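As structure tokens, the structure follows; a few thoughts come after it.
Just so it is clear, none of the values below were taken in a lab; they were calculated from the coordinates. The model shown is predicted, which means the values in this text are computed figures rather than measured ones. Because the Cβ atoms are built from the backbone with ideal geometry, glycine has one as well, and the counts that use them run over all protein chains shown.
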Amino acid sequence: MTAPTKPVLRFRQITYAQHQGWACVLCGASLWTAEGGVSLGHASIGDGPRAYTIEVYACPRCASATETTTEGS
Ligand SMILES: [Zn+2]
């Protein structure tokens with residue numbers, strides 16, 4: 001077992017497209033574009049006992065915004 005390197009993201013509800021990795025989980029942008037999606041790792045979806053974990057994707061802009069802490073743009 002290895003320790004997780006990132007905190008697990010949490011979402012109350014995401015769309016079908018976001019489930020499938022077709023849309024950015026952060027801004028909803030389509031990832032069917034040339035740029036494609038970047039994995040954010042695993043996220044917890046839902047609340048309480050009905051929560052589950054899936055791998056989620058973000059557009060490159062959102063992914064870079066979440067990866068770094070204090071890097072200016
Ligand atoms: Zn995005």
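Considering region 20-40 alone, what residues qualify as being touching a Pro at 6+ places or on another chain (Cβ under 6 Å) and surrounded by fewer than 17 Cβ atoms within 10 Å (Cβ to Cβ)? Even if it seems obvious, please write down each step before you answer.
Step one: of region 20-40, the residues touching a Pro at 6+ places or on another chain (Cβ under 6 Å) are 35, 38.
Matches in region 20-40: 35 only.
Out of 40, 26, 31, report the one residue that is on the phi < 0 side of the Ramachandran plot, within 12 Å of the ligand (Cβ to nearest atom) and in contact with a Gly (Cβ under 9 Å, 6 or more places away or on another chain). Before you say what the answer is, go through the steps one by one.
Numbers: 40 fails: in contact with a Gly (Cβ under 9 Å, 6 or more places away or on another chain); 26 fails: in contact with a Gly (Cβ under 9 Å, 6 or more places away or on another chain).
Result of the check over 40, 26, 31: 31.
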